[in-house]
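In what follows, a structure is listed as structure tokens, so that the remarks can point back to it.
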Amino acid sequence: MSRMTPTLKTMLDPERLPQALQPLRLPVFRMLWLAWLAANLTMWMNDVAAAWLMTQLTDSAVMVALVSAASTLPVFLLGLPSGALADIVDRRRWFASTQLWVALVATLLALLALAEGITPHLLLLLTFANGIGLAARWPVFAAIVPEIVPTASLSGALALQAMAMNLSRILGPIGAGALLAASGSAAVFVLNAVLSLLAFVQILRWKSSPRISALPGERFVGAMRVGVQHVMQNPRMRAVLLRVFVFFFLSTALTAMLPLVARRLGGGAGGFTLLMACMGGGAMTAVLALPRLRERHSRDRIVAIGSLIVAGMTLVVALAPWLWLAALGMALAGMAWIATANTLTMSAQLALPNWVRARGMSTYQMALMGGSAAGAAVWGQVAGWTSVPTALMVSAACGPLVLLAVRRFTVSGQEADLRPALPASPPNPATDIGPDEGPVMVTVEYLIDPARAAEFAEVMRLTRRARLRQGALSWGLFRDTERPGRYVEYFVDETWVEHLRRLERFTADDVQLRGRRLAFHLGAEAPKVRRYVGEALEGVGR
């Protein structure tokens with residue numbers, strides 16, 4: 001026995017974990033990862049039980065597909081508000097509150113299932129309510145992960161985040177399928193409620209470090225505006241949002257139609273569970289290979305190949321005459337699905353600074369779930385007009401065509417350095433300025449060589465994006481009509497506190513861009529920066 005003990009310790013030594021599992025060495029990440037795993041178990045169990053229950057309540061293909069749409073539509077509708085809250089309130093409390101909501105909805109669903117009081121429309125309503133909790137939960141966890149792991153481990157942590165979802169994709173359907181066959185839907189909903197409460201307790205154990213700032217918190221509506229503005233001025237994020245929307249719009253046809261595929265192949269609840277578990281198992285296998293895959297291929301290549309494989313496997317499942325062949329197709333689809341989804345998620349995370357991460361990831365979530373909800377509704381309707389195999393074949397055929405159409409929207413390339421940095425000229429007002437006074441206009445005067453005007457204009461286009469990403473309301477550039485080469489840049493912040501907050505958002509990439517601007521300046525001194533606060537004139541506007 002004493003000889004076996006060192007061997008066992010060696011096997012469990014965190015240092016010997018595979019590269020993909022190294023972030024689990026971090027105690028805080030490990031604890032929250034377990035909570036995330038439990039939370040996603042409840043999500044998959046709920047979705048599986050709800051989808052199968054709907055096939056028992058109605059024969060309508062549209063209603064079955066709407067179960068998937070009802071669970072994802074709230075994420076599309078509420079993603080940005082939840083992301084704004086996750087950026088401006090205590091993330092630990094918000095994470096716990098969202099899980100508590102999911103637990104309460106799960107408990108209500110369990111009670112109604114035990115009383116046999118669920119109708120098709122009530123099931124959709126409760127699925128939608130559960131989706132509200134998911135909409136609020138996902139952005140905050142996405143923002144927490146980069147805070148608790150070092151940058152070098154971020155890719156592995158994100159892969160483990162996806163692994164938790166896909167491990168739950170295996171265990172959830174298997175557990176739900178076993179309970180469906182043995183005890184019915186009510187037993188699944190009861191277990192779902194219990195696991196939701198356990199995840200809530202686990203989240204409460206986390207002792208987060210409060211974010212420190214001398215400025216008051218952002219206002220809710222303003223935070224949403226800045227979040228949208230940042231994404232709109234971030235070319236990499238715009239490309240990621242488009243790619244994730246079209247990928248999930250097409251790939252959702254496979255998952256949304258899966259209960260009906262299982263019924264067509266005569267698999268029943270067990271067959272449905274098998275197909276879901278095979279997809280999750282394929283995803284789990286691919287997660288372990290992702291680090292090596294990322295070393296060998298660009299993110300654009302991974303997304304392209306993964307999208308094509310998912311389309312091909314959708315065609316296989318549509319035409320499969322046997323359950324085992326459909327299960328093999330689902331396993332391969334799961335491998336390609338996780339590789340594509342994780343690559344897009346990684347691209348989004350690397351494109352966002354921490355101060356706006358939850359809002360940025362909420363827009364990513366909105367695009368993902370919006371594509372899923374739209375895909376479920378569209379492909380369900382196509383199946384209703386034609387048949388399930390036809391709907392799957394059409395979605396598979398659209399895959400290569402859409403991939404060709406969006407190929408110029410790249411998610412690869414050199415990443416910006418988004419580490420926090422200090423601005424060059426912090427404000428030093430001669431008089432007291434109230435935090436809500438404004439608007440605030442800032443002007444910067446440049447003197448450049450007129451022969452380099454075109455080069456300067458290109459750098460200033462990048463400057464415009466940077467200022468607006470930080471939260472400026474407007475931006476402009478003027479040239480002097482009497483002195484060639486003299487330019488005045490201006491930008492406007494909403495209030496004085498918003499101006500100070502924008503300065504807190506400076507990154508190392510902004511410092512590098514500032515250096516490029518200053519390289520054009522010919523004056524002996526640095527460009528002159530002036531700040532003006534809006535003056536309210538009595539009687540004006542009445």
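Every number here is computed from the coordinates shown, using simple stated rules; none is lab data. Since this is a predicted model, take the numbers as computed values, not measurements. Note: ideal-geometry Cβ built from the backbone for every residue, glycine included; neighbour counts use all protein chains shown.
Quick rundown of the values:
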{"read-out": "Segments 186-196, 103-113 sorted - mean Cβ within 10 Å per residue, highest first", "value": "186-196, 103-113"}
{"read-out": "12 Å beta-carbon shell around Arg486, net charge (K/R +1, D/E -1)", "value": "-2"}
{"read-out": "Segment 222-227 - phi-based ³J(HN,Hα) in whole Hz, Karplus 6.51/-1.76/1.60, Gly and Pro as x", "value": "x, 5, 5, 4, 5, x"}
{"read-out": "Backbone N within segment 28-57 under 14 Å of label point (7 Å from Trp206 Cα along the Cβ vector)", "value": "28-40"}
{"read-out": "For segment 440-533, diffusion coefficient by Stokes-Einstein and Kirkwood Rh (Cα), 25 °C, 0.890 mPa s, µm²/s", "value": "179"}
{"read-out": "Hypothetical label at Ala397: residues of segment 303-344 whose amide nitrogen lies under 19 Å (7 Å Cα-Cβ projection)", "value": "308-320"}
{"read-out": "Which labelled figure in (1) 0.96; (2) 1.09; (3) 1.42 is Cα Rg over 2.2 N^0.38 Å, once derived from the coordinates", "value": "(2)"}
{"read-out": "Relative packing of 384-392, 477-485, which averages over residues the other C-beta atoms within 10 Å, highest first", "value": "384-392, 477-485"}
{"read-out": "Förster-model FRET efficiency, 51 Å R0, Thr390 and Asp436, C-beta, rounded to 0.05", "value": "0.30"}
{"read-out": "About the Cα centre, charge dipole magnitude for the chain (Lys/Arg +1, Asp/Glu -1 at Cβ), debye", "value": "1020"}
{"read-out": "Inter-label distance, nm, simple model (7 Å from Cα along the C-beta direction), Ser412/Phe478", "value": "4.5"}
{"read-out": "Label-point gap, in nm, between Glu147 and Glu295 - each point 7 angstrom along Cα→Cβ", "value": "3.3"}
